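The next block holds one structure in the form of structure tokens; read it before the comments.
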Amino acid sequence: MAKLPPLTTDRLHQLSGHATTHPATGETRRSTHSTSMGTRAYELYVPATREPGRPLPLFIMLHGGKQDASDFAAGTRMNQLAEQHGFLVAYPEQSRAANDSRFWNWFRRRDQQRGTGEPAILAGITRRIMIQEPVDPSRVYVVGLSAGGAMAAVMAATYPDLYAGVGVHSGVAAGAAHDAFSALSAMQSGGSPTTAGDLPLIVFHGDDDRAVAPVNADKLIASRNAAARANQGRSSVVGEVTTQPATDTTHAYTRSVYRDRDKRDVAELWTVHGGAHAWFGGSTQGSYTDERGPDASAEMVRYLLEQQSARVA
């Protein structure tokens, strides 16, 4: 599958509006996955543009608190991008039995470890789709918003063999909290994260976010860079910093690119100036969205589809 266009200066200027997307004319399938750790429903979007038998990339999309699968799909417009670029999208759904407000329990110790709790359930959903559908195992990604972003960071840390890249929007780094009380503190202070794992990471965060303080974006990047130092014995370097002013349809923002000394992707950080706690470039058909760009969905798709794991889960 062709990559999205590189992020040139001209393309950055085009981000004053939303990315061009195809209508979501594919099929949405609702299923339930059960393990000894619990049961979760999920929706899978299969694009109408797919070619029979052709392995496709897979995006696992983790919603925020007080959201569900359909709400998150509508707000992020990821199904339309799936039609345009040819990938599958799955939306696991938190149950009210596990959390009354549908927050993923990213802050509990048992839900921060491989083989237990919600990480095991989400990994099971990912693997089930990979068995049932034609999925390219080297191009599986996990993305989330807020509590879902925090859980995406947990999945990157606990199952780096399963995913090729991770996107965190307005989230918290893995290991920053260990219970509900410390979670509230970490959301404002960033906490003391554990290692992030070595997956390429893209982060979006508004610098006027009052629910999850923007320091959390810095902690995510610092944690990822610490993993790069541990695994490669050297730090990543900022290869490019681009700042764009506000327009009628987009917030001002700064994009920082981190690569290692071999010019391999480590992370991208998009700081949206004046942005609050919402998915940027989103649709008002979903909750917790901000119609003003930059278009987080399009940029996460661009970045993540460029990543490919050499490991097969």
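Hey, what's the Cα Rg ratio for region 16-117 versus the globular rule of thumb, 2.2 N^0.38 Å?
Dividing the Cα radius of gyration by 2.2 N^0.38 Å gives 1.19.
Within region 239-285, which trypsin sites (Lys or Arg not before Pro) sit in a loop by DSSP and count at most 13 neighbouring Cβ atoms inside 10 Å?
On the way: sites: 255, 259, 261, 263, 264; in loops: 261, 263, 264.
Answer by residue number: 261, 263, 264.
For the chain, what does the helix formula give at 222 nm: sum of -39500 (n - 2.57) over DSSP H segments with n ≥ 4, over the residue count, nearest 500 deg cm²/dmol?
For the chain, the value works out to -8500 deg cm²/dmol.
Dividing the convex hull volume of the Cα atoms of the chain by its residue count, what figure in Å³ per residue is obtained?
116 Å³
Per residue of region 189-201, in order, report the coupling 6.51 cos²θ - 1.76 cosθ + 1.60 (Karplus, θ = phi - 60°) as ³J(HN,Hα) in whole Hz, putting x for Gly and Pro.
10, x, x, 10, x, 8, 4, 8, x, 10, 7, x, 10
For the chain, give the magnitude of the charge dipole about the Cα centre (Cβ charges: +1 Lys/Arg, -1 Asp/Glu; no others), in debye to the nearest 20.
820 debye
In what sequence, highest mean first, do 55-61, 114-120, 178-184 appear when ranked by Cβ atoms within 10 angstrom?
55-61, 114-120, 178-184
Tell me, 27, 268, 133, 93 in order of fewest to most beta-carbon neighbours within 10 Å?
Listing 27, 268, 133, 93 from fewest to most nearby Cβ atoms yields 27, 133, 93, 268.
For the ranges 292-301, 65-74, what's the packing order if you count other beta-carbon atoms within 10 Å of each residue, average per peptide, and put the highest first?
The densest-packed peptide leads the list: 292-301, 65-74.
Let me know the whole percent of all Cα-Cα pairs from region 172-313 that are separated by more than 27 Å.
Here the tail beyond 27 Å accounts for 24 percent of pairs.
Bear in mind that the values in this text are calculations on the coordinates, not laboratory data. Predicted model only: the values in this text are computed from it and were never measured. So basically every Cβ, Gly included, is an ideal-geometry build from the backbone, and we count neighbours across all protein chains shown.
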